[in-house]
1. Just the projected area, averaged over all directions, of the convex hull on the alpha carbon atoms of region 53-116: how many nm²?
2. Per DSSP H run of n ≥ 4, the term is -39500 (n - 2.57); total these for the chain, divide by its residue number, and report the mean residue ellipticity at 222 nm rounded to 500 deg cm²/dmol.
3. Given R₀ = 45 Å, FRET efficiency for Arg127-Ala92 by Cβ-Cβ distance, to 0.05?
4. Given the chain, report the % of alpha carbon pairs whose separation exceeds 30 Å.
5. Compute the normalised compactness of region 78-183: alpha-carbon radius of gyration over 2.2 N^0.38 Å, N being the residue count.
6. Using only the Cα atoms of region 160-249, what semi-axes does the equivalent ellipsoid have when each is the square root of 5 times a gyration tensor eigenvalue? Give whole Å, largest first.
7. Hey, how much of the P(r) for region 195-309 falls beyond 21 Å, as a percent of Cα pairs?
8. Could you put Ser270, Ser64 in order, starting from the residue whose Cβ has the fewest other Cβ atoms within 10 Å?
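Since every read-out is calculated from the coordinates, none of them should be taken as a lab result. This one's a predicted model, so the numbers in the text were calculated from it and none came from an experiment. With ideal geometry, Cβ positions are generated from the backbone for all residues, glycine too; neighbour counts draw on all protein chains shown.
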Amino acid sequence: MPAHTMLEDRTTVEALLGALIHAPSSHNTQPWLVRLYPDALDLIADRTRALPVNDPDDRELAISCGAALLNLRVAAAAAGYVADVRALPDAADADLLARVALQPSGAEQADAALRAAIAARRTYRQRFAPDAVEPAAVQALVDAARREGATLGVLDTPDARLRAAELVAEGDAAQWANPSWRRELAAWMHPRREGDGLSMPTLAVPLAQAVVRTFDMGHGVGAKDRQLADESPLLAVLWTDGDAPADWLAAGQALQRVLLTGVRHGLQASYLNQPVQVAALRPKLQQLTGRPGYAQLLLRLGVPAQELPPAPRRPMADIVIAE
Ligand SMILES: Cc1cc2nc3c(=O)[nH]c(=O)nc-3n(C[C@H](O)[C@H](O)[C@H](O)COP(=O)(O)O)c2cc1C
């Protein structure tokens with residue numbers, strides 16, 4: 001019998017899982033499950049929530065779970081624990097993404113300080129306020145990614161930014177031209193009460209789904225996204241040296257550490273991942289960083305111009321696998 005039974009205490013479980021479920025995930029699929037033990041928990045990929053067209057290798061699914069893992073580590077630190085993480089501990093079980101053992105002392109203060117940012121983070125898809133991102137904040141974001149074994153490559157020349165914006169528009173055109181991609185997107189447009197997906201008012205759902213399924217809006221969306229990229233206060237590629245599940249999990253933790261660090265500097269972020277998702281464009285985006293590697297996400301960051309409501313989440317109980 002283990003000496004401590006932290007995860008048999010309901011308050012601790014709720015503190016950890018309450019943080020975990022607030023991680024960002026592609027199309028708000030929330031593709032994670034947990035199995036609880038007295039002193040540890042398993043983070044498990046829920047591949048029934050995969051996006052086979054948008055994300056055929058489950059790369060973004062693993063990144064989303066990595067973001068959830070970072071939230072768990074931060075919440076553990078805030079509750080006074082050290083989270084000892086073994087990534088991909090079982091070669092025979094690809095769904096078991098991490099085993100997290102909790103130790104009751106020695107919590108990382110720097111991690112605990114990010115706790116309040118978890119609930120304040122939003123994916124901010126609108127135009128940002130015109131404020132520039134301070135150099136100290138940029139450095140903090142770069143350090144945050146580095147600490148998790150990934151790199152945040154800031155695109156800071158006009159030429160690289162312009163080229164990235166063009167790749168985003170090219171990516172939009174390729175994705176919207178694909179009816180399967182549009183059907184998959186429409187299937188994840190949900191009324192708010194459902195607790196997952198890209199939420200919208202209940203009455204708007206049928207029409208919005210029909211429009212997305214039926215019309216190739218690649219041109220209009222591409223023009224808007226090109227402008228968003230072009231005028232972003234900060235545009236940056238999050239990339240890794242490798243492109244295996246362990247790299248994706250690291251990229252997810254790096255993403256979330258970058259996002260939470262950004263919130264502490266008054267910043268929010270959103271994604272322009274089209275040139276990563278369209279395979280032919282991915283090496284071209286990586287080239288803009290000037291380094292060899294694998295682009296995982298293209299992020300825009302800035303000061304939000306307004307407050308946004310939180311996106312919906314499934315209840316905590318839904319992600320726990322009963323023994
Ligand atoms: C790996 C990953 C990829 C994402 N890709 C996109 C994207 O291409 N476009 C977009 O608007 N949002 C993208 N998102 C954001 C999600 O849609 C968002 O996290 C989700 O809807 C929940 O909203 P929230 O982040 O405000 O909590 C992505 C998130 C993750 C983790």
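1. For region 53-116, the mean projected area of the Cα convex hull comes to 5.1 nm².
2. Helix contribution divided over all residues of the chain: -12500 deg cm²/dmol.
3. 0.40
4. 32 percent
5. In units of the 2.2 N^0.38 Å rule of thumb, it is 1.52.
6. Equivalent ellipsoid of region 160-249: 27, 19, 14 Å, largest first.
7. 51 percent
8. Ser270, Ser64
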